[in-house]
1. Can you tell which of 255, 290 is acidic (Asp, Glu) and touching a residue at least 12 places away in the same chain (Cβ under 8 Å)?
2. Which pairs have Cβ atoms under 7 Å, sit 6 or more apart or on different chains, and link a residue in region 333-347 that is within 17 Å of residue 71 (Cα to Cα) to one that is of a type in the set (Ser, Thr, Tyr) and more than 10 Å from the ligand (Cβ to nearest atom)?
3. Can you work out which of the residues in region 392-418 that are under 16 Å from residue 93 (Cα atoms) and among the hydrophobic types (A, V, I, L, M, F, W, C) is surrounded by the fewest Cβ atoms within 10 Å (Cβ to Cβ)?
4. Of everything in region 28-80, what is of a type in the set (Ser, Thr, Tyr), farther than 16 Å from residue 336 by Cα and either crowded, with 24+ Cβ neighbours inside 10 Å or away from the ligand (no atom under 16 Å from the Cβ) (or both)? Give them in sequence order.
5. Restricting attention to region 160-195, which residues are without any contact (Cβ under 8 Å) to a residue 24 or more places away in the chain and either closer than 29 Å to residue 279 by Cβ or in a helix (DSSP H, G or I) (or both)?
6. Quick check: anything in region 247-254 away from the ligand (no atom under 16 Å from the Cβ) and under 20 Å from residue 20 (Cβ atoms)?
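Please treat every number below as a calculation from the coordinates, not as lab data. Everything numeric in this text was worked out from a predicted model, so none of it was measured. Please note: Cβ atoms are built from the backbone with ideal geometry, for glycine as well, and neighbour counts cover all protein chains shown.
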Amino acid sequence: MTATHPAPNATGRPHWSSRMMFVFAASGSAVGLGNIWKFPYIVGENGGGAFVLLYLACLIGLGAPLLIGEVMVGRRGGAYPASAFVNVARSTGLSAAWGGLGALGALIAILILSFYSVVSGWVGIYTVDFAIAALGGDAARSGAEAFSAMLADPVLQLTAVAAIVIAAGIVVYYDVTIGVQSVMRYVAPLFAILLVAMLVMIATTTDTFWQAVVYMFRPDFSALSFDAFGEALGHAFFTLSVGMCGMLIYGAYLDDAANVPRLGIGVAAIDTGIAIAAALIIFPIVFAFDLESAAGPGLLFIALPQGFTLLPFGNLFGLSFFAATLLAAFTSLIALMIIASHWLSETLRTSNRTASLIAASLTGIGGATVTLSLNLWDNLTILGFGLLDFFDELTSAWLLPLSGLGMAIFVSRAIVPGLPDGLVKTYLNICLTYLAPIGILVFVYSKTVGF
Ligand code: PHE
């Protein structure tokens, strides 16, 4: 891989309109299906509080430092994943082979897009259904049968995938400073309003809110397995959008004087706060109506809609919930497509606009294949897994921890030594130089040899 994009120079490079805009955009990337769909169901599957603690440890010890590091690589090396690593490596005397991390990150993003687009499509379908129900039309989809009926319907799902991928593709076509900024300006406040309104509604209409708080925060370590460690670690990277160069790209548009550690910790805190808030909206409903808390991926689409239909103003509640989830999924889909398009642009040496069209087409093809594997092509499996599960497992349980390790080592060698002495340097040094390799080796060991 050769680097064709020069390092950005401080004067000519496009910037976020404000640092707040960076926080909006990076949070828009981080907050997504990972927070609202995955986090609550993996907490449910792993028995609650102890898993939450483990996840927070992975987040503080590995996820957040890597986020800060990735943003710093982008700011120094530019917005093109492979060239960014090559530029920073060259300026610090390291091998240009580190550019491979950019390609690996982009590959992971492209694989994730194939199922992320499908699940985002489901969220779109549920949003439309709850909107129709709220307006007095047919009852919204709820329960296992309705979910299976949707999975069996290729046309409905393909339409949803096409709609969301085209909409995201238009934003990616206008790139970061125009596309992402225009969207986040409206989405960030709207999402915040919906979330707070739902928390207030849930705390006042159910009497199981405190039960959910206890469930989330009282650890029961007997419910934890070693597999949970892998899941917590992979999820810490996934939810913060690190290890895939997403934060690197957004970091490239930051001005040189910005305080990256402070901004990075702010983004990690927002992401964690929203994951916990989502769980505190979902679990009171699950407990109030005795639904299955360990329902797995179906928690959001099967159990929860059943709960909504039993609540006062349930259709309105369901509409707010799925609309907020759709916004979160949409801005993450944009961030993932931006990774793909920037990498395609540098690798195929095309303009960003052409690359954005290729990225959108690839996402559409991946999404359509995964969709069809759920119905018409349901004998299409890899190693016995359905495609959706396979891509999810392959990326978050295997590739992501690996690329995270690589990036942690790179940042500890290329970026950390140049930082001024102080708390930030010590924190990054401890986490990235020592904790990250140990943590991820333990992870690989537990996955391969087992405990
Ligand atoms: N962080 C997003 C989520 O939790 C997923 C994502 C990963 C988005 C990488 C962009 C880049 O859903």
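1. Numbers: 290 fails: touching a residue at least 12 places away in the same chain (Cβ under 8 Å).
The match here is 255.
2. Filtered contacts from region 333-347: 342/80.
3. Here is the first cut: in region 392-418, the residues under 16 Å from residue 93 (Cα atoms) are 409-418.
Of the ones still in play, those that are also among the hydrophobic types (A, V, I, L, M, F, W, C) are 409-411, 414-416.
Working: 409: 17, 410: 21, 411: 23, 414: 23, 415: 23, 416: 20.
That would be 409.
4. Here is the first cut: in region 28-80, the ones of a type in the set (Ser, Thr, Tyr) are 29, 41, 55, 80.
Still in the running and farther than 16 Å from residue 336 by Cα: 41, 55.
The one that is of a type in the set (Ser, Thr, Tyr), farther than 16 Å from residue 336 by Cα and either crowded, with 24+ Cβ neighbours inside 10 Å or away from the ligand (no atom under 16 Å from the Cβ) (or both): 55.
5. 170, 178, 182, 186, 189, 192, 193
6. Initially, region 247-254 is screened for residues away from the ligand (no atom under 16 Å from the Cβ), giving 254.
Imposing the further condition that a residue be under 20 Å from residue 20 (Cβ atoms) reduces the set to 254.
Yes; the residues of region 247-254 include at least one that is away from the ligand (no atom under 16 Å from the Cβ) and under 20 Å from residue 20 (Cβ atoms).
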